[in-house]
Every structure is written in C-alpha cells, then in structure tokens.
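In what follows, a structure is listed as structure tokens, so that the remarks can point back to it.
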Amino acid sequence: MDENIPERIMQKILIVEDEPDIAELVSFNLQRAGFSTITAHDGIAGLDRAWSEEPDLIILDLMLPGKDGFAVFKELRRDSRTSRTPVIMLTARAQTEDRIKGLEAGADDYLTKPFSPKELLLRTQSVLRRSADTPSPTRYACGKLTFDKNSLKCFLGKERVDLTSIEFKLLLYLAERSGTPQSRGDLLRHVWGYSEDIYSRTLDTHMKRVRKKLGDDAGIVETVRGVGYCLRPPS
Ligand code: CA
C-alpha cells in the first residue's frame, strides 16, 4: 500500500474469488497500486460485501461455489446500491461464449485466467476512468412519480411527497422494480439491510406512512398477499 495516499480517497475494490491464491495475488497487486481491497470467497458473501461496503469496482470470478458469477452479477445489477458499479469478470474458461455472455450481460470488462497482474491493473484503471467519466443519473421517473436521488426529493406530478430518507429508499426501490412484486425479505434486506425478517413490522409501519403521504395515489403500492409489495406505475 502506498502510504502517501490517504485512506479516504483510496478507491475500494471488492474481489469475489473462491481460489485463495488468486484472490491473494489480485488483492496484493491492487493494494500495491494504491487501492484498498476487500475479498469474498463465494457468491453470497460477495453480494453481502458489495451491498454493505459499496465498493468502487468489483472483480468477479464466474466459477464460484453455490451462486455462480453470472447469478451474482444479475443481483448486483438489480440492486440500486450496485446497479452501476463497474464489474470485471474473471474466468478460467477461455470460451468466447462466456466472454460474449459476460459482456452482453453488461460486464465492463473480462479477463481470462491466467492473466498477468499488470494486465489486471491496466484494465482496472481503465474501467474506473471510464466510469468516472459517466455521471450517474440522479433523476428517476416512474409514471408521474419522480425521484431526485441527490436531494432525496420525491414528486407525484408536480406535488412534493415529503418522505423521510428511509421512506424515499423504500419507494424508490419499489419504483425501480415497478410491476414486479418484491418480497418482504428483499425489501428488508435491501432497504434496511436486515438479513432476518424479525423486524418485518417495521416494513408495514413505513409502508402505511408512505401510502398516507401518497394521498389519492396510495393505491399504487399494492399489497401482494403472502409475498410483499408491488408498485404499479401511476399514470
Ligand atoms: Ca473460481
């Protein structure tokens, strides 16, 4: 680690790789180049670290025990915390089929093992540079609902919906997945970060408040019995 780089401006890279030697090698080389690194050795742990630490870039091995890299990637993209995090995929399989599948799925780059640490570093730097040039959209619209992610303001048509930050997060999460029912477990996990649903009353309490604030449009958030909630885009 370069001691001249203060930790707060160091970019954080998550390495999801089940082979300890490779994880170690990648981590060592990135640290030496001034990055801070975190590692996870399977897909589930990788998702947990990605959502709790919100890294600047993820290096994702495709052949992982349990949940494979493609499945992990899909979940990363579906979650607002990681939907835009650049991902470099790693694989031992040299087939072009995997490469195409990876790039089509939206991976930012792809490396086939064995790769040189230098190549990995160059790719990492170039992907990070590219992503820094692309400003992330701060507004999200779903029917007449609009969200400003910077100011955490939500509007229904021209009317401001005065949401707390957690209510904003909850409604945005549902809006970004509108038309698809979201389970209570997913909502608790993604909005509050709970892995258990012992606090599931919290969800209902917040939803009640959100609906109240939506006034005449309260019905856009539907209760899906036995599942959770679903937002129908308000027209
Ligand atoms: Ca592997």
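The values are calculated or read from the model by the stated rules, or taken from the named source; none is laboratory data. Just so we're clear, the structure is a prediction, and the values are computed from it rather than from any experiment. Cβ: placed from backbone, ideal geometry, glycine included. Neighbour counts: every protein chain shown. Ligands, DNA and RNA are excluded from the accessible area calculation, which covers all protein heavy atoms including side chains. Shrake-Rupley method; radii C 1.70, N 1.55, O 1.52, S 1.80 Å.
Any idea which of (1) at positive phi; (2) at pLDDT 95 or above; (3) not aromatic (Phe, Trp, Tyr) is the one Glu54 doesn't satisfy?
(2)
Condition first: of a type in the set (A, V, I, L, M, F, W, C), touching a helix residue (DSSP H, G or I) at 6+ places or on another chain (Cβ under 8 Å), more than 17 Å from Glu119 (Cα to Cα) and away from the ligand (no atom under 13 Å from the Cβ). Now tell me which residues in the range 10-50 satisfy that.
Matches in the range 10-50: Leu14, Ile38, Leu47, Ala50.
For the list (1) assigned by TED's automatic domain parsing to the domain that holds Arg32; (2) loosely packed, with under 12 Cβ neighbours inside 10 Å; (3) part of a loop (DSSP other than H, G, I, E, B), I need the number of the one condition that Ser83 fails.
Answer for Ser83: the failing condition is (2).
Taking the condition of being of a type outside the set (A, V, I, L, M) and either within 15 Å of the ligand (Cβ to nearest atom) or over 30 Å from Leu174 (Cα atoms) (or both), how many residues in the range 79-128 meet it?
Start the filter on the range 79-128 by keeping residues that are of a type outside the set (A, V, I, L, M), which leaves 79-86, 91, 93, 95-99, 101-102, 104, 106, 108-110, 112-119, 123-126.
Subset that is either within 15 Å of the ligand (Cβ to nearest atom) or over 30 Å from Leu174 (Cα atoms) (or both): 91, 93, 95-99, 102, 110, 112-119, 123-126.
Of the residues in that region, 21 qualify.
Of the residues Ser116, Ser131, which is within 23 Å of Asp56 (Cβ to Cβ) and more than 17 Å from the chain's Cα centre (by Cα)?
On the way: Ser131 fails: more than 17 Å from the chain's Cα centre (by Cα).
Being within 23 Å of Asp56 (Cβ to Cβ) and more than 17 Å from the chain's Cα centre (by Cα) holds for just one of Ser116, Ser131, which is Ser116.
Can you tell me which residue is nearest to the ligand (Cβ to nearest atom) among those in the range 53-78 that are in a loop (DSSP other than H, G, I, E, B) and open to solvent by 50 Å² or more (accessible area, probe 1.4 Å)?
If we filter the range 53-78 for residues that are in a loop (DSSP other than H, G, I, E, B), which is where we start, we get 54-56, 62-68.
Still in the list and also open to solvent by 50 Å² or more (accessible area, probe 1.4 Å): 54, 56, 63, 65-68.
On the way: Glu54: 24, Asp56: 23, Met63: 4, Pro65: 8, Gly66: 11, Lys67: 12, Asp68: 9 Å.
Among residues in the range 53-78 that are in a loop (DSSP other than H, G, I, E, B) and open to solvent by 50 Å² or more (accessible area, probe 1.4 Å), the one nearest to the ligand (Cβ to nearest atom) is Met63.
Suppose we filter Thr164, Thr146 for residues that are open to solvent by 50 Å² or more (accessible area, probe 1.4 Å), among the β-branched types (Val, Ile, Thr) and not assigned by TED's automatic domain parsing to the domain that holds Leu64; which single one remains?
Working: Thr146 fails: open to solvent by 50 Å² or more (accessible area, probe 1.4 Å).
Every option except Thr164 fails the conditions.
So Ser126 passes all but one of these: (1) under 16 Å from the mean Cα position of the chain (by Cα); (2) hydroxyl-bearing (Ser, Thr, Tyr); (3) surrounded by fewer than 19 Cβ atoms within 10 Å (Cβ to Cβ). Which condition number does it fail?
Among (1) under 16 Å from the mean Cα position of the chain (by Cα); (2) hydroxyl-bearing (Ser, Thr, Tyr); (3) surrounded by fewer than 19 Cβ atoms within 10 Å (Cβ to Cβ), Ser126 violates only (1).
Which residue, of Leu187, Leu128, is under 19 Å from Leu76 (Cβ atoms) and assigned by TED's automatic domain parsing to the domain that holds Ala107?
On the way: Leu187 fails: assigned by TED's automatic domain parsing to the domain that holds Ala107.
Testing whether each residue is under 19 Å from Leu76 (Cβ atoms) and assigned by TED's automatic domain parsing to the domain that holds Ala107 leaves just Leu128.
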